[in-house]
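A.B. asks: One structure is given below, represented as structure tokens, and several questions about it will come after.
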Amino acid sequence: MEAEITKVVIFDCDGVLFDSRDANIAFYNQILSHFSLPSMSGEEVEYVHVSTADEAFRYLFTRRDPHIVEEILAHRPQVDYTPFIRLMRMEPNLKELLRALPQQIKRAVSTNRSYTIGDVLRIHGLEGEFDLVVSALDVKNPKPHPESALKILQHFACSPPEALFVGDSKADQESARGAEVPFIAYKNRVLQADYYIEDLLQIAEIVTHRERV
């Protein structure tokens, strides 16, 4: 196997940069409560965790009251997620990893978030830490489609083997596979991946190992 130089690391947001499960549960349950509808089930929590907001709203309200789905979607951009951002918890060692990665390696985010990703990074002190952020608003086909990963590769003019994609869900796995980018599964050994990690700092070790192989 030839040594491989890593030129860009692609990070998922929810589940990799942040533990956002509590924030998402509180956000969607508050909206459901506003319409006097029942809170999310465990199955629904898993779905919204990896979906775009439009997909999540459509999924949740179609199951409860399909007659108001389009009304909800029309007003979704005005729904304020900001109060829930502070419930998101940055994953351990994220900032340490960003400092540990060689400066020449680009850092990108591929997320199914839309309007909220800018505020998420700003409020948690990560504004300017990433060279490119691709949200659901920047592509026609969000994850699990590979469009966001391919967009990142094109932006940095690098080949798939020169990148690493860090994700925690099947949607991330399929996006990385579709773009032919080596996949790092974070805290999820059920996924099919090239590498498995439990600590984000292990990404720096993987980068170093790839250069030495």
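A.B. asks: Go through S169, S159, S148, S135 for me and flag whichever is in the same structural domain as K95 (by TED's automatic domain parsing), of a type in the set (S, T, N, Q) and in contact with a strand residue (DSSP E or B) (Cβ under 7 Å, 6 or more places away or on another chain).
C.D. replies: One residue alone meets the criteria, S148.
A.B. asks: Any residue in region 80-103 that is touching a residue at least 40 places away in the same chain (Cβ under 8 Å) sitting within a Cβ distance under 6 Å of a residue that is polar (S, T, N, Q) and assigned to a loop (DSSP other than H, G, I, E, B)? List the pairs, counting only those 6 or more apart or interchain.
C.D. replies: Final answer for the pair search is Y81/T116; M88/S20.
A.B. asks: I want to confirm something. Restricting to region 48-73 and keeping residues that are aliphatic (A, V, I, L, M) and under 28 Å from S169 (Cα atoms), which single residue is nearest to the chain's Cα centre (by Cα)?
C.D. replies: Among those residues, the one meeting the criterion is V50.
A.B. asks: Restricting attention to region 65-101, which residues are modelled with pLDDT under 95 and surrounded by fewer than 13 Cβ atoms within 10 Å (Cβ to Cβ)?
C.D. replies: Those that are modelled with pLDDT under 95 and surrounded by fewer than 13 Cβ atoms within 10 Å (Cβ to Cβ): P66, H67, E70, E71, A74, H75, P77, Q78, D80, T82, P83, R86.
A.B. asks: Hey, another quick one. Check every one of the helices (runs of 4 or more DSSP H) wholly within region 119-213 and list those with 3 or more residues that are over 17 Å from the mean Cα position of the chain (by Cα) and farther than 20 Å from D19 by Cα.
C.D. replies: Once the helices (runs of 4 or more DSSP H) in region 119-213 are filtered for at least 3 residues that are over 17 Å from the mean Cα position of the chain (by Cα) and farther than 20 Å from D19 by Cα, what remains is 147-156, 202-212.
A.B. asks: Across region 1-32, which residue is surrounded by the fewest Cβ atoms within 10 Å (Cβ to Cβ) among those that are within 20 Å of L126 (Cβ to Cβ) and among the charged types (D, E, K, R)?
C.D. replies: Among those that are within 20 Å of L126 (Cβ to Cβ) and among the charged types (D, E, K, R), it is D22.
The values are calculated or read from the model by the stated rules, or taken from the named source; none is laboratory data. This is a predicted model, so every value here is computed, not measured. Reconstructed Cβ throughout: ideal geometry from the backbone, glycine too, with neighbour counts over all protein chains shown.
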